[in-house]
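Here is the structure we will look at, set down as structure tokens.
The values are calculated or read from the model by the stated rules, or taken from the named source; none is laboratory data. Just so you know, these numbers come straight off a predicted model, no measurement behind them. Cβ: placed from backbone, ideal geometry, glycine included. Neighbour counts: every protein chain shown.
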Amino acid sequence: MRLSLAIRSTRTRVAGFMVILFLAAFGVSGLATWLALTAPVEESTQARLLREASLVTSLYSTHSRPQALKLIATREKRPTGYNFLIVDAAGRRLDGDLPEQAYPDGLITFKWKASPLATADDDDIRMRVLTVRMPDGVRISLGEDLERSRQLQVSFLRTFILTSGAALFIALAVGLSYVTRILRRIELIAATADAVSAGEIGLRAPVRPPERRDDIDHLAIAMNGMLDEIERLLVSVRQVSDDVAHDLRTPLAHLRQRVEVALAGPPDIDAYRQALNGAVEKIDDVLATFEALLRIGQLEAGANLAAFQPVDIAETARAVAEAFRPSAEDAGHELSVVAARPEIVQGERSLITQMIANFVENALIHTPNGTTIELRVERIGPFVRLIVEDDGQGVASAEREQIFRRFYRVDRSRTTPGSGLGLSLAAAVARAHGAEIRAEDASPGLRILVDFLAPAP
């Protein structure tokens, strides 16, 4: 309801702003046009009057007086002709329809009452008269009714008002229609947000085809991307919650069983001690799980990553291999490192060590005896690539993208040790360092690649 009121208010404000804008624009343009038109009309009137006077005086000079008067009278009877008056040297009228009065030589403007009954100034006829004295004393006066100029100006003003009103109406209608469509699209986006807030998490704002997209479509795309990320996080939270409940239920059930067995039997300090030792192991497993979850959350939030230092990946890989070599040999695995030269990246040494250790430990746990595990560090263009490869049974292609998920385990029965967080923590370390991590088929076995961006020389 509030959104509809706000949109109606916006539409009203836009309409008012458009009316004011168009009125101002048309007013300024009309005033400029009026000023530009008035001066040329005045100049054109005088020029026509001077041109007509030149022709009339030429006729009078080149013809006899009776013939000249006849030619002048014929000329001035045209629809576009002028009023005229010809008087002799004594002031007697010879011809013409102008009021008989003494017109001074040159150009003058005066008012002429067309009817003796006319009393108002509006009934007066404004005339512009040009008087020329001929060599024989005859005076020729030509007059033009200025009402025609005024009517032209009035006609222009009326036409301008009508066209401006029509243009204003059309522009207002088109503008409001366009604004209404835009506001309707914004209302759809807002309605989508309200529906998502109400629980319809899968709903998305409508987006037009690429060739028709504008800023509102980009806004909708950005909001849809945000909703996709929110949905992914919600699904991840639900998945993590289910996995935590599932993975912690087993050690807690074992812990409860050990305690119940110890309590159900006869009092025996050795039995109690054994039960407590087993309980401590299970509690350590639970604490390790929570510690791994907290560490992953900290890495994804960007905590403690401000002070990166140069780290030699090759040296770190050799150190991890040396630490795991005894246990690898005891389990019948062969662990080797291939690194031709130092490869430096910017990072946190302890986190990178933890990442490589998790890769090696994961390979040791999930591959059979006799498997070869190889760590390689090499330079690939602008990247320093860390490769951890084994020749074990490998991972199905459909599951390679899933092994970096929290609590995901290829062993559905969960008979192998571990919580399913080792590779998740390693992937979080890689992402925290801006590195790209992926898993590939080693044919046979599994190959994990981590590409760090090498620092500039």
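Things worth noting here:
- The single condition among (1) at pLDDT below 70; (2) over 30 Å from residue 18 (Cα atoms); (3) in contact with a Phe, Trp or Tyr (Cβ under 9 Å, 6 or more places away or on another chain) that residue 153 does not meet is (2).
- Of the strands (runs of 3 or more DSSP E) that lie entirely inside the stretch 41-134, those containing 3 or more residues that are at pLDDT 80 or above span 83-87, 93-96, 124-133.
- On inspection, residue 342 does not qualify as more than 22 Å from residue 453 (Cβ to Cβ) and modelled with pLDDT of 75 or more.
- Residue match in the stretch 225-241 (condition: aliphatic (A, V, I, L, M), closer than 30 Å to residue 21 by Cβ and touching a residue at least 12 places away in the same chain (Cβ under 8 Å)): no
- Residues within the stretch 278-328 that are touching a helix residue (DSSP H, G or I) at 6+ places or on another chain (Cβ under 9 Å), modelled with pLDDT of 80 or more and assigned to a helix (DSSP H, G or I), tallied: 10
- First in the stretch 190-217 and farther than 15 Å from residue 228 by Cβ and not assigned by TED's automatic domain parsing to the domain that holds residue 231, second anywhere and part of a loop (DSSP other than H, G, I, E, B) and not polar (S, T, N, Q), Cβ under 6 Å, 6 or more apart: 195/203
Per-residue answers, yes or no, for (1) within 16 Å of the chain's Cα centre (by Cα); (2) modelled with pLDDT under 80; (3) in a helix (DSSP H, G or I):
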site	(1), (2), (3)
194	no, no, yes
217	yes, no, yes
241	no, yes, yes
246	no, yes, yes
262	no, yes, yes
271	no, yes, yes
